[in-house]
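K.L.:
Let me begin by handing over the structure; questions about it come next.
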Amino acid sequence: MHEVPVTPVDPLRLREHIGDERADALERLCREARDRFAGRTVWNVNSTATGGGVAEMLAQLVAYGLGAGVDTRWAVIDGDAAFFAITKRIHNRLHGGAGDKSPLGEVERTAYEETTERAAGELRARVRKNDVMILHDPQTAGLIAPMKEAGARTVWRCHVGSDTSNEHTEEAWAFLRPYVEHADHLVFSRPQHVPDWVDKERVTIVAPAIDPFSTKNQPMDDDTVLAILVRAGIIDADPPAARPVYTRGNGSEAEVGRRAEMIHDGSFPTVDDRFVVQVSRWDRLKDMSGVLRGFAEHVVGEPGIDNGGGTTRLLLVGPSVAGVSDDPEGLEVLDECIELYRSLPDETRARILLISLPMTDVDENAAMVNAIQRRASIVVQKSLAEGFGLTVAEAMWKARPVIGSAVGGIRDQLIDGETGVLLPDPTDLAAFGAAVTRLLKDPDAATQCGKAAQERVRENFLPDRQLTDWAHVLDTGA
């Protein structure tokens, strides 16, 4: 187990985005939290410091907690390959899928508890009576009882789930229930994700939020966007006068220096090209291969999709599979996408790039994502299942039109026809292709969607709302 260092950030910097009324309420909230948690620590525990939405949300929450004057810390439990294979299996089944189809029996429980018991032993040396433990996702459920025995208040936060139950969700909850039912309080992203056996009086629904000042979401002008994409090797152009700069989470300035790993046919995008982009983990539930097939079969060849002298291209963007420690399926899914890509006709393959972004420097990775999303004409999140889908809110904040599946938390973000397009059936590739083509052919409608999307995020998915929700959770469960 190790702690993640986080630089404190003043929550009141949000004033320029949320206005005086919301900022004044946030200031009162921070003052009350300082008084309530004086002499206590609020711990967040998860299984990785990089890659995926949970790590990004924790970086935000911990920074603002510290900035508010609350002793807020972030610890990561270390597991072996067997532990992460089991927790990935649980993750997939909570989403309603079979995953690797391997069992979740007593052998798996023993292996799971070996890791959580070891982590609990390390945490006991750091945790004090009446501290608050916010334990994130299946990887940490086994810590609930030991932390209660140590005198801490426990909140289990589940970021994943399915809107409907089936044999797979039931199996996952049967595995988790002996741990989860001991928590003082439970937090889910959607009410539909709460299992029937949970006492609803101990549950709070908290939708995630994005930080407009984070490296991934901070403002970035067109010249800087181009400079970053040229430096990363994604666009073929002479280096612009602008530098590929970004601001780190600690406030310092840096330049993008590393290059992305790309699978392509030898031709690179130019400054005249338009991009359809999906950014996500290499995870089967994100359906990267479905996006690739849908674009290849139902967008390529449609008249009117290219703009001027440029070409419309699909960019499938994920993290370097070596940089996400708690997702053992990443390489396998990427290889499947590469195999599918190589089976396509030459003229189709020329329009598609598979991009893996380096994870050596998390802020640099975020700056690359920021530039890619801002350069996109359309952002896609065609997930088969989704807990929330932070990439949707990120793209909406950048005023990009988003096409997303009508699953999980994506349904809470997108308003079909107003802030983007919701796909009723994420497996309907023809409908996906038609939605992409329609927005490509009507840039005015796409622009209007993007503007409305940005305002929806401002109203509903910025950190002051999430911090207020968490204050309620801690008042209730801590």
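K.L.:
Among the residues of the stretch 332-343, is there at least one that is open to solvent by 30 Å² or more (accessible area, probe 1.4 Å), in contact with a strand residue (DSSP E or B) (Cβ under 7 Å, 6 or more places away or on another chain) and under 23 Å from Leu429 (Cα atoms)? Talk me through it step by step, then tell me what you get.
P.N.:
So the first thing to find is which residues in the stretch 332-343 are open to solvent by 30 Å² or more (accessible area, probe 1.4 Å), and the list is 332, 335-336, 339-340, 342-343.
If we keep only those that are in contact with a strand residue (DSSP E or B) (Cβ under 7 Å, 6 or more places away or on another chain) as well, we get none.
For the stretch 332-343, residues open to solvent by 30 Å² or more (accessible area, probe 1.4 Å), in contact with a strand residue (DSSP E or B) (Cβ under 7 Å, 6 or more places away or on another chain) and under 23 Å from Leu429 (Cα atoms): absent.
K.L.:
Is there any pair with a first residue in the stretch 396-414 that is among the basic types (Lys, Arg) and a second that is outside any strand (DSSP E or B) and open to solvent by less than 10 Å² (accessible area, probe 1.4 Å) whose Cβ atoms are under 8 Å apart and which are 6 or more apart or on different chains, and what are they?
P.N.:
As it stands, the answer is Lys398/Asn217; Lys398/Asn370; Lys398/Gln373; Lys398/Gly450; Arg400/Gln373; Arg400/Ala376; Arg400/Gly450; Arg400/Ala453, since those pairs meet every condition given.
K.L.:
So if I check each of Asn166, Asn217, which one is touching a residue at least 12 places away in the same chain (Cβ under 8 Å) and within 30 Å of Leu357 (Cβ to Cβ)?
P.N.:
Asn217
K.L.:
May I pose another question? Out of all the residues in the stretch 438-451, is one or more at pLDDT below 95 and within 30 Å of Asn250 (Cα to Cα)?
P.N.:
Within the stretch 438-451 (the criterion being at pLDDT below 95 and within 30 Å of Asn250 (Cα to Cα)), the answer is no, since none of the residues qualifies.
K.L.:
Gly69 - would you say it is touching a residue at least 40 places away in the same chain (Cβ under 8 Å), open to solvent by 10 Å² or more (accessible area, probe 1.4 Å) and not in a helix (DSSP H, G or I)? Can you show your working first?
P.N.:
Working: touching a residue at least 40 places away in the same chain (Cβ under 8 Å): no; open to solvent by 10 Å² or more (accessible area, probe 1.4 Å): yes; not in a helix (DSSP H, G or I): yes.
The answer is no for Gly69.
K.L.:
Taking the stretch 1-42 as the region of interest, how many residues are among the small types (Gly, Ala, Ser) and surrounded by fewer than 17 Cβ atoms within 10 Å (Cβ to Cβ)?
P.N.:
Of the residues in that region, 4 qualify.
K.L.:
Right, here's the next one. Quick check: anything in the stretch 241-257 surrounded by 21 or more Cβ atoms within 10 Å (Cβ to Cβ) and closer than 27 Å to Glu459 by Cβ?
P.N.:
yes
K.L.:
Turning to a different aspect of this structure: Among the numbered conditions (1) open to solvent by less than 20 Å² (accessible area, probe 1.4 Å); (2) assigned to a helix (DSSP H, G or I), tell me where Leu315 comes up short.
P.N.:
(2)
K.L.:
Return a yes/no flag: does the stretch 43-63 have any residue that is of a type in the set (Gly, Ala, Ser), outside any helix (DSSP H, G or I), out of contact with any Phe, Trp or Tyr (no Cβ under 6 Å at 6 or more places or on another chain) and open to solvent by 50 Å² or more (accessible area, probe 1.4 Å).
P.N.:
No: the stretch 43-63 contains no residue that is of a type in the set (Gly, Ala, Ser), outside any helix (DSSP H, G or I), out of contact with any Phe, Trp or Tyr (no Cβ under 6 Å at 6 or more places or on another chain) and open to solvent by 50 Å² or more (accessible area, probe 1.4 Å).
K.L.:
Might you check whether a residue that is surrounded by fewer than 19 Cβ atoms within 10 Å (Cβ to Cβ), among the small types (Gly, Ala, Ser), in a helix (DSSP H, G or I) and at pLDDT 95 or above occurs anywhere in the stretch 163-183?
P.N.:
The answer is yes, given that some residue of the stretch 163-183 is surrounded by fewer than 19 Cβ atoms within 10 Å (Cβ to Cβ), among the small types (Gly, Ala, Ser), in a helix (DSSP H, G or I) and at pLDDT 95 or above.
K.L.:
Output the qualifying pairs, or none if there are none: Cβ atoms under 6 angstrom, residues six or more apart or on different chains, first residue in the stretch 222-233 and of a type outside the set (Ser, Thr, Tyr), second residue part of a helix (DSSP H, G or I) and open to solvent by 40 Å² or more (accessible area, probe 1.4 Å).
P.N.:
Val225/Arg374; Val225/Arg375
The values are calculated or read from the model by the stated rules, or taken from the named source; none is laboratory data. Everything numeric here is computed off the predicted structure, so don't read it as measured data. Every residue, glycine among them, receives a Cβ derived from its backbone with ideal geometry; neighbour counts consider all protein chains shown. Keep in mind that these areas ignore ligands, DNA and RNA; they rest on the heavy atoms of the full protein, side chains included. Shrake-Rupley method; radii C 1.70, N 1.55, O 1.52, S 1.80 Å.
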